[in-house]
Amino acid sequence: MSLHHRIKPKYATRNDQIVAELRESAGAAPPVDPHMKVKRLTAEVAIAMALIHGGDWRVQIDHEDGLIVVARRRRQSRNL
């Protein structure tokens, strides 16, 4: 089975997509959950760091302390 069958479209029809884009450009888009926005943006930073520096990067978000960490994962040692 190809990946094409696994991908779910964001909009049901092309008209729904056009209306959503018009609403967003007019500033009438639905409100974005701030927690989801923080999660998405930190994931984008982790991806950018992986593209720039290589390696596997992790994200840690602590809303209570106001801390966000994007750090490279430690390499696993082969001597177990």
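Condition first: among the charged types (D, E, K, R) and over 30 Å from Y11 (Cα atoms). Now tell me which residues in the range 29-57 satisfy that.
D56
Which pairs do you get when a residue that is assigned to a strand (DSSP E or B), found in the range 43-64, comes within reach of a residue that is of a type in the set (K, R) and exposed (fewer than 10 other Cβ atoms within 10 Å of the Cβ), reach meaning Cβ atoms under 7 angstrom, with the pair 6+ apart or on two chains?
W57/R73; R58/R73
All but one of (1) of a type in the set (A, V, I, L, M, F, W, C); (2) farther than 24 Å from Y11 by Cβ; (3) exposed (fewer than 11 other Cβ atoms within 10 Å of the Cβ) hold for A26, so report the exception by its number.
For A26, the failing item is (2).
Just to verify a result, which residue in the range 1-39, among those that are among the polar types (S, T, N, Q) and in a loop (DSSP other than H, G, I, E, B), is modelled with the highest pLDDT? Break it down stepwise before answering.
Just the residues of the range 1-39 that are among the polar types (S, T, N, Q), to begin with: 2, 13, 15, 17, 25.
Cutting the leftovers down to in a loop (DSSP other than H, G, I, E, B) gives us 2, 13.
Values: S2: 59, T13: 91.
Here the answer is T13.
The values are calculated or read from the model by the stated rules, or taken from the named source; none is laboratory data. From a predicted model like this one, the values you see are computed outputs, not experimental measurements. With ideal geometry, Cβ positions are generated from the backbone for all residues, glycine too; neighbour counts draw on all protein chains shown.
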